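Notes to accompany the following structure.
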Amino acid sequence: MRMDFVKAALFSLGLALLLSLTPESHSEITASEGACDGASLAIDVQVHGIRRDRGHVMFVLYGDKPEDFLVKGKKIFKQSFAAKQGTVEFCVILPKPGIYAAVAYHDENANRKFDKNWAGLPVEGSGISNNPKTFLGSPSHAEASFAVSQGLTKVDIEIQY
């Protein structure tokens, strides 16, 4: 009987601690369509060069670890937005300042994958933050990364088909 009381007391204490934590201690990355308005720590992303109103624009965000950049399963955030010809704009709210790198691609067939042909070359348009020039290779984290501090950080990504 005494053991049940101790377990219940410990559970209640643990729950009280969890509920008393500040929002920053368990916040996460969120995103919404449109421009950022008043967010204290956000990335205002504009993806340019979408060729048609079909499918989705997929946005993938990586953190500050160069070894994680463009590695499957190492992203810190991924979200899709309705594709529209021209420019798609959205706001990404971050929990903390830091170094980030981003990728966007036009998932025209809406299968939520970045499709490649038999030779491994992309068949859907894509772009990377800072729009580094690449030729038959992927850019480095250093070429794609950007710093986010308090306030709004603008990121433009040009889609290349």
Exercise. Quick one: how many residues across segment 31-56 are at pLDDT 95 or above, of a type in the set (A, V, I, L, M, F, W, C) and over 22 Å from H141 (Cβ atoms)?
Worked result: 1
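Is it fair to say S25 is open to solvent by less than 80 Å² (accessible area, probe 1.4 Å), modelled with pLDDT under 95 and over 30 Å from E124 (Cα atoms)?
Values: open to solvent by less than 80 Å² (accessible area, probe 1.4 Å): yes; modelled with pLDDT under 95: yes; over 30 Å from E124 (Cα atoms): yes.
Yes: the conditions hold for S25.
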Exercise. Out of segment 121-133, which residues are in a loop (DSSP other than H, G, I, E, B), farther than 21 Å from G63 by Cα and not charged (D, E, K, R)?
Worked result: L121, V123, G125
Problem set entry | Residues that are among the charged types (D, E, K, R) and at pLDDT below 90, drawn from segment 114-127 | D115, K116
For this session: Can you give me the number of residues within segment 82-102 that are under 20 Å from G49 (Cβ atoms) and either open to solvent by 30 Å² or more (accessible area, probe 1.4 Å) or not in a loop (DSSP other than H, G, I, E, B) (or both)?
Result: 12
For this session: Return yes or no: is V47 in contact with a strand residue (DSSP E or B) (Cβ under 7 Å, 6 or more places away or on another chain) and closer than 17 Å to T30 by Cβ?
Result: no
For this session: State all residues of segment 43-78 that are surrounded by 15 or more Cβ atoms within 10 Å (Cβ to Cβ), on the phi > 0 side of the Ramachandran plot and in a loop (DSSP other than H, G, I, E, B); if no residue qualifies, say none.
Result: G55, L70
Problem set entry | Members of segment 103-146 that are open to solvent by less than 70 Å² (accessible area, probe 1.4 Å), more than 23 Å from V88 (Cβ to Cβ) and within 18 Å of the chain's Cα centre (by Cα) | S140, H141
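The values are calculated or read from the model by the stated rules, or taken from the named source; none is laboratory data. The model shown is predicted, which means the values in this text are computed figures rather than measured ones. For neighbour counting, all protein chains shown are included, and Cβ atoms are generated from backbone atoms with ideal geometry for every residue, glycine included. Each accessible area value is taken on the protein alone, full model and side chains, heavy atoms only, with ligands, DNA and RNA left out. Shrake-Rupley method; radii C 1.70, N 1.55, O 1.52, S 1.80 Å.
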